[in-house]
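What follows draws every value from the coordinates through simple rules; no lab data is involved. The model shown is predicted, which means the values in this text are computed figures rather than measured ones. Methodologically, a virtual Cβ is constructed for each residue, glycine included, from the backbone with ideal geometry; neighbour enumeration extends over all protein chains shown.
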Amino acid sequence: MKNIVILISGGGSNMAAIVRTAERQNWAKRLNTRVSAVISNKADAEGLGLAKQHGIATAVIDHKAFASEPHPREAFGAALMTEIDHHQPHLVVLAGFMRILTPGFVAHYEGRLINIHPSLLPAFTGLNTHARAIEAGCKFAGATVHRVTAELDHGEILAQAVVPVLPDDTADTLAARVLTQEHLMYPKAVEELLAK
């Protein structure tokens, strides 16, 4: 069985899209795949409840618990790796996981770690992508599924979805339109990787 571990920090809408697609399209039988765990760095992440409703194991590794460590990011990453590895992942999927991962963490999951970013990479890496796209006068925006590398938002592009930027768009309205495409694109990209 190919195990997927999904990392979230909040509502987990992309995680939910993947879980529902896996159930609807019977990935367990068709692809010998299951979402085996959902892990968050925040105990109050709403997505944890949804994962539990679907019978998926959940865990919380709070990054703040490592603040007093000499190297907090590395200590958090090590604890997170231990929890992820417990589930023997074929694929580790970042779905709104709002922590920058260490090079050691990324190297540990090389070729198995993917992310979705709310812009048409390589444009607008980092945060506030929708506001930045509007400010730049972009006619189109979108989202990108990519492999994670040590350089933030620079890995191999696996899939992209494009939406128009409308004249009256705000960052919130554009974000909502992009998110609907993310929910379609991310499960499909995950499925394509699993089918290889």
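Laid out as a table, the results:
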{"quantity": "Residue count for region 55-72, restricted to those that are surrounded by 14 or more Cβ atoms within 10 Å (Cβ to Cβ) and assigned to a loop (DSSP other than H, G, I, E, B)", "calculated": "2"}
{"quantity": "Selection status of H183, closer than 25 Å to R20 by Cα, in contact with a helix residue (DSSP H, G or I) (Cβ under 8 Å, 6 or more places away or on another chain) and part of a helix (DSSP H, G or I)", "calculated": "yes"}
{"quantity": "Elements of type helices (runs of 4 or more DSSP H) in region 4-53, at least 3 residues being surrounded by 22 or more Cβ atoms within 10 Å (Cβ to Cβ) and in contact with a helix residue (DSSP H, G or I) (Cβ under 6 Å, 6 or more places away or on another chain)", "calculated": "13-24"}
{"quantity": "Near pairs, Cβ below 6 angstrom, 6+ apart or cross-chain, from region 64-86 (farther than 15 Å from A107 by Cα) to any residue that is exposed (fewer than 14 other Cβ atoms within 10 Å of the Cβ)", "calculated": "A75/E69"}
{"quantity": "Condition met for T125 (in a loop (DSSP other than H, G, I, E, B) and among the hydroxyl-bearing types (S, T, Y))", "calculated": "yes"}
{"quantity": "Which listed residue, of A131, A150, is under 28 Å from L194 (Cβ atoms) and surrounded by fewer than 17 Cβ atoms within 10 Å (Cβ to Cβ)", "calculated": "A150"}
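A quick yes/no check of all residues on (1) of a type outside the set (A, V, I, L, M, F, W, C); (2) touching a residue at least 12 places away in the same chain (Cβ under 8 Å):
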| position | (1), (2) |
| --- | --- |
| Q88 | yes, yes |
| Y109 | yes, yes |
| L127 | no, no |
| F140 | no, yes |
| T144 | yes, yes |
| V162 | no, yes |
| A176 | no, no |
| M185 | no, yes |
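So that you can scan it fast, the table gives a plain yes or no per residue for (1) exposed (fewer than 15 other Cβ atoms within 10 Å of the Cβ); (2) not charged (D, E, K, R):
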position	(1), (2)
G126	yes, yes
G155	no, yes
D169	no, no
H183	no, yes
E192	yes, no
